[in-house]
Structure formats: structure tokens, C-alpha cells
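K.L.:
There's a structure below that I have some questions on.
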Amino acid sequence: MKEKRNNNYLIFLNILIIVYNLYIFLSVFQKKAILTDDLASIYQSEFISGSYFSYIFSFLDSTTMAARPVSGLVMGTLSFLSHNNESVYFIGLLFFPLSLMVIYWVAQKMLSKELALLITLLYSCSLIGTSIQFSSIMLNSNLATIFFVLSIYYIYVRKNVVVSSLFFIASVLSYEIFLPLILLHLFLIKGNKKRILFAALTLGIIVIFRKIIQPNVFVNSYQRDEVSRIFELKRVMQVVVFSLKLFFKDLFAGIYRGLLNIRQMNVLDVILSAIIPWIVFKLFSDYDFKNKLQDYKKLSILSLVSILFGLSIFLFSSYIPTLFGFNNRNLGAIRLFYTLFIISGVIFLSVKLKMHNKTISIFLAGLAFVFIITNISVKNSWIYASRFNNKLFGTLKTALKDNHIENGEICLEYDVFNELKNNPKLTLREPLFYDDWEGPMLCKMNGINPQRIHVYNMVRKADCEFKFLYKNGRMIRIK
């Protein structure tokens, strides 16, 4: 009877995770919440001409995609298909739930169905790397995660070094975030010969592509890995400080702001954030946590070490680890292993402290509740940021009409940094209008001709022919 009841909870939680993630996707899709780099990508897709193959080659021949041909091929295809219908562009968001399916499939092969569902749930609503969930252009991170997880499966479960190596290569050529995690594979592989084969095959193909094929095939090839940066002591210390800040300050600040934003939630938000943790509690109330206690200890240690390896990628790039803004898109690997670390760590410590099953279940349900609330808050903030941008440009359109301006460069001033820091509706300082490439699509969406009017944030450019100040919902011409 107990087994049948637990199976029912298992099925119910499975359904709820699917419903929850489809709901998040449909919310973003319905509101057409497009921010930052996605604005530029959609706008550029409207000017696509020529055949599919000529466009794909030109798309890959860029400083951002030449090093990422796998995800570049997918993203380029999506852009090509969306040039007649911008709604197609949002298909890119579905690569996040696709990554969840792969994570669950692999996790239940390595652990249990119950823990696989919990890992999938908490990963799906983690506060880390939220841009990979809400931005289509970040499908490269989700592809990298899919290939990396499959690579782990073929090493740990199937013991197939060659297939695992090929998936790992596909992950790195989608996005570089998992590259340092090659050390995890070498740890999991049993036997020195197999380790040497994996390292030689993986690193050999990656180096050959990056150093020989890429610069010779693509004119705009750019080597994104800057090895010399690891010798810059100031840079290393910066990464260390920002990493500590991320885990010991930013996470708690994000959770606090997320909980404050409960007032912005609708009825369905409230229902999902209440019922899913309740099912988590019921599912784990009779779960045997003690049976694999040492496995939880090993998983927590391995996850912690993997987080450190994952953070090391920032030593070779110009990015910094941060929870805020669009730059959190580089945290896909950290998101995965932080989820594993939190779950395994909570279970291990709880069992060691001789807590009862129901107490452990309350902790896990509490984690689910906090994660879901903050994730819903970020969803609402992402939608709010898109609405803010459209209101900004809609008000500008009226001001341009009132001032009889039909051509020229417009410098738009508004206190963007104060807005990002203090606006309570922005959970993680979701990206508001800032960069030059965001302007054309925002103009088009709000009835301004982007061919004749070019809008810049005054922080980025201050020498325009016309200047407007946006304050308290009003647009005032100041030049």
C-alpha cells in the first residue's frame, strides 16, 4: 500500500514539474518577454536573405559563434526559420526543458527516481544562471549541459570512453562552461589507459578545431580562451572574491528579494509554489535516506569540487561570476553542481544528525518552496523588464511625435543603475535597455522606424543630436 502511494506521488510530482516548466515557458512566450542580446538577434533575423547554407556559414563566421559551431548551427537554424515569424525564435526556450529531461533520465540511472525528480525540480528553478532559462540565445548553455550530462552517463554507467569523449567535445563546442570538468571525467574513469585515451581524444580534437580548423575556416575566428589571464594575480583574486560573494551574499540577497516579490505573484504562481513542495514532502516522508549515506557524502564532496572546477573557467575569460544581470548566463555548470551539492549535503548532514524522515522531508520541501518562489519572481521580473523597456520606448515615440522628430540619433537618459539596484520588481537586476544593439528592435516593437531613428542609452553614448530624459513615467526633451 505504501509503495503504491509513493508511486502515485512520484507520478504526480513528475506531472507537476512538466506543468510548471511549460507554464514558465508559456508565460514568457505569451508576454513576448525579449531582453538584451535576444533583441538584437530577432531584429537581425529580419534581414536574412539567400540560401540556408550560405546564411549558416555567415552566422558561424563570427567572433561569438566560430568557437561554438554545434550550438551555432542550432541557433543559426532557429534564426533562419524565424526571419518570417519572430514567434519561432522562442522555440529556443524549449532547450531548457529538454535539458531537464536529459538530467532526469541520467540521474535516475545513477541514483533513484525520487532523487532524480528532486534534482530536476531544484535545477529547473535554481537562482543561479537564470538567463539560460529565459533567453533563447542561451540555448548554447542548455545544449552544453545536455551533452555534458550524456557524457557523464556514458562514462559512469555505460563505461564507453569514446562515446563519452564525443559528447564532451560536443558540449565544449556548444559552450565552454564545462571544459574544466574534464577532470571529473578523468576521476570517474577506471584505468590509466582509458584515462589517457579519453584525454588524448577529447583534448586533441578540441585543440585541433580551435587552433587549426577554426582560424583557417572562419575569417572572423576569435580565440575565446585567454590562457595568459591565469597569471594575472589581480584577475585571479577578483574571480575568488566574486565567487565568494556569489555564494555567501548574492544568493541570500536574491532569495530575500524573491520572497519580497510574492506580492507580484498571480493565483497560479501561488498554487504551484504551494502544491509542489507539499508533494515533495509526501514523496520523501517514507524514503530510505540511510541506505546510501556514504554515496551522499561522496556526491556532496564531488559536487563541491566540481563547483570549484566550474568556477575556474572564469580565470580564462573576461567574465566574472555573478548572480545579477545577463552575465549570470555563464553559470550553467555551477547551477548543475550546486543543485547536486545542496541536495546531497542536506540529506547527508540530516542523517548524520539523526533527524527523522519527516524532518528531512520538511527541509527538502522547504528548499523546493524557496527555489520555486524565487524562480517565479525572476520570471515575473523578466516580464516586468520587458514591459519597462516597451513603456520607455512607447513614451519616447510620443515625445518624438510631439517634437516633430523623424530622423536622427536619440540619446536617452534615465537612471538605469539606480533602477536596476533599487526597483523592487527586479529580482536579479534583470537587463533593462542599456546596450546599443537593443535599440532597433525596441524601436520596431513600439512603432519607431529603426532605419531613421537610432536610440542610445546616454551612459553608452552622450553626443547625440537629440537628448531626452525619462523620469517618473514622463519623457522630457533636454536638447
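The values are calculated or read from the model by the stated rules, or taken from the named source; none is laboratory data. Quick caveat: nothing in here was measured; it's all calculated off a predicted structure. Don't worry about glycine lacking a Cβ; one is built from the backbone with ideal geometry, like all the others, and counts go over all protein chains shown. All accessible areas refer to the heavy atoms of the entire protein, side chains included, with ligands and DNA or RNA removed. Shrake-Rupley method; radii C 1.70, N 1.55, O 1.52, S 1.80 Å.
K.L.:
Would you pick out the residues in segment 125-170 that are touching a Phe, Trp or Tyr at 6+ places or on another chain (Cβ under 7 Å) and small (Gly, Ala, Ser)?
P.N.:
Listed by number, the residues that qualify are SER126, SER131, SER136, SER141, ALA144, SER151, SER164, SER165, ALA170.
K.L.:
Can you go through SER317, SER300, SER273, SER285 and tell me which one is surrounded by fewer than 17 Cβ atoms within 10 Å (Cβ to Cβ) and in contact (Cβ under 8 Å) with a residue 40 or more places away in the chain? Full working, then the answer.
P.N.:
Values: SER300 fails: surrounded by fewer than 17 Cβ atoms within 10 Å (Cβ to Cβ); SER273 fails: surrounded by fewer than 17 Cβ atoms within 10 Å (Cβ to Cβ); SER285 fails: surrounded by fewer than 17 Cβ atoms within 10 Å (Cβ to Cβ).
Result: SER317 is the single residue among SER317, SER300, SER273, SER285 that is surrounded by fewer than 17 Cβ atoms within 10 Å (Cβ to Cβ) and in contact (Cβ under 8 Å) with a residue 40 or more places away in the chain.
K.L.:
Just checking, how many residues over segment 371-426 are at pLDDT below 95 and among the aromatic types (Phe, Trp, Tyr)?
P.N.:
2
K.L.:
With segment 1-98 as the region, which helices (runs of 4 or more DSSP H) entirely inside it contain at least 1 residues that are within 29 Å of VAL270 (Cβ to Cβ), open to solvent by less than 10 Å² (accessible area, probe 1.4 Å) and among the aromatic types (Phe, Trp, Tyr)? Step through it out loud before you land on a result.
P.N.:
Working: elements: 2-30, 36-45, 52-60, 69-82.
Helices (runs of 4 or more DSSP H) meeting the threshold: 2-30.
K.L.:
Could you list all residues from segment 342-384 that are farther than 28 Å from MET265 by Cα and buried (at least 23 other Cβ atoms within 10 Å of the Cβ)?
P.N.:
Result: SER344, ILE347.
K.L.:
Look through segment 461-479, keep the residues that are under 16 Å from GLU419 (Cα atoms) and out of contact with any Ser or Thr (no Cβ under 9 Å at 6 or more places or on another chain), and return whichever of them is surrounded by the most Cβ atoms within 10 Å (Cβ to Cβ).
P.N.:
LEU469
K.L.:
Does TYR256 count as within 27 Å of the chain's Cα centre (by Cα), more than 30 Å from ALA365 (Cα to Cα) and open to solvent by 30 Å² or more (accessible area, probe 1.4 Å)? Outline the logic, then answer.
P.N.:
On the way: within 27 Å of the chain's Cα centre (by Cα): yes; more than 30 Å from ALA365 (Cα to Cα): no; open to solvent by 30 Å² or more (accessible area, probe 1.4 Å): yes.
For TYR256, the condition - within 27 Å of the chain's Cα centre (by Cα), more than 30 Å from ALA365 (Cα to Cα) and open to solvent by 30 Å² or more (accessible area, probe 1.4 Å) - is not met.
K.L.:
Same structure, new question: Report yes if GLN294 is in contact (Cβ under 8 Å) with a residue 12 or more places away in the chain and open to solvent by 60 Å² or more (accessible area, probe 1.4 Å), otherwise no.
P.N.:
Judged against the criteria, GLN294 is not a match.
K.L.:
For segment 121-133, which positions are of a type in the set (S, T, N, Q) and under 12 Å from ILE372 (Cα atoms)? Working first, answer last.
P.N.:
Filtering segment 121-133 for residues of a type in the set (S, T, N, Q) gives 124, 126, 130-131, 133.
Result: SER124, SER126.
K.L.:
Continuing with this model, one more query. Can you spot a residue in segment 140-148 that is polar (S, T, N, Q) and more than 20 Å from the chain's Cα centre (by Cα)?
P.N.:
Looking only at segment 140-148, we keep the residues that are polar (S, T, N, Q), and these are 140-142, 145.
Imposing the further condition that a residue be more than 20 Å from the chain's Cα centre (by Cα) reduces the set to none.
No, the conditions are met nowhere in segment 140-148.
K.L.:
Name the single residue, out of those in segment 99-116 being within 21 Å of THR130 (Cα to Cα) and open to solvent by less than 40 Å² (accessible area, probe 1.4 Å), that is farthest from the chain's Cα centre (by Cα).
P.N.:
As a first pass, look at segment 99-116 and keep what is within 21 Å of THR130 (Cα to Cα): 99-104, 116.
When the remaining residues are screened for being open to solvent by less than 40 Å² (accessible area, probe 1.4 Å), the result is 99-100, 102-103, 116.
Numbers: SER99: 11, LEU100: 12, VAL102: 16, ILE103: 15, ALA116: 20 Å.
Among those residues, the one meeting the criterion is ALA116.
Conditions tested, residue by residue: (1) more than 18 Å from LYS32 (Cα to Cα); (2) in contact (Cβ under 8 Å) with a residue 60 or more places away in the chain.
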{"site": "PRO431", "(1), (2)": "no, yes"}
{"site": "GLU438", "(1), (2)": "no, yes"}
{"site": "MET441", "(1), (2)": "no, yes"}
{"site": "PRO450", "(1), (2)": "yes, yes"}
{"site": "MET458", "(1), (2)": "yes, no"}
{"site": "LYS461", "(1), (2)": "yes, no"}
{"site": "PHE466", "(1), (2)": "yes, yes"}
{"site": "GLY473", "(1), (2)": "yes, yes"}
